Amino acid sequence: MDKSKRPFLKLKSKRSFRRRLPPIQSGDRIDYRNMSLISRFISEQGKILSRRVNRLTLKQQRLITIAIKQARILSSLPFLNNEKQFERTESTARTTGLRTRNK
């Protein structure tokens, strides 16, 4: 197919993408005591978010991971986020499946 008959390529060049700001500024210090910075890189469940989601460099992601782990060990950050408490709707006793003898 001839290149001149491809109109969708012309539209692609007109798109402009907004450049995202880096999540960590040059003045921010990555440290286990900087809880406002660390909490941005943790999911609602308490997991460390991936580098692709965070838009961090490899070095920044390593430093964030180390800082989060240090904060967890020093108990300034929980290992798990317990906002949702799991509730059991039914009792799961071992004897629920067993039949009882009628006398």
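The values are calculated or read from the model by the stated rules, or taken from the named source; none is laboratory data. Model, not experiment: these values are computed from the prediction. Cβ: placed from backbone, ideal geometry, glycine included. Neighbour counts: every protein chain shown. These accessible areas exclude ligands, DNA and RNA; they are computed on the full protein's heavy atoms, side chains included. Shrake-Rupley method; radii C 1.70, N 1.55, O 1.52, S 1.80 Å.
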Surrounding net charge for residue 79, when Lys and Arg each add one and Asp and Glu each subtract one, Cβ distance under 11 Å:
+3
Working out 0.36 nm times the residue gap between residue 73 and residue 25, then minus their Cα-Cα distance, what length gain in nm do you get to one decimal?
14.7 nm
With every protein chain in place, region 24-87: carbon and sulfur % of accessible area (1.4 Å):
52
Under the Karplus relation with 6.51, -1.76 and 1.60 and θ = phi - 60°, whole-Hz ³J(HN,Hα) for region 21-27, x at Gly and Pro, equal 6, x, x, 10, 7, 5, x
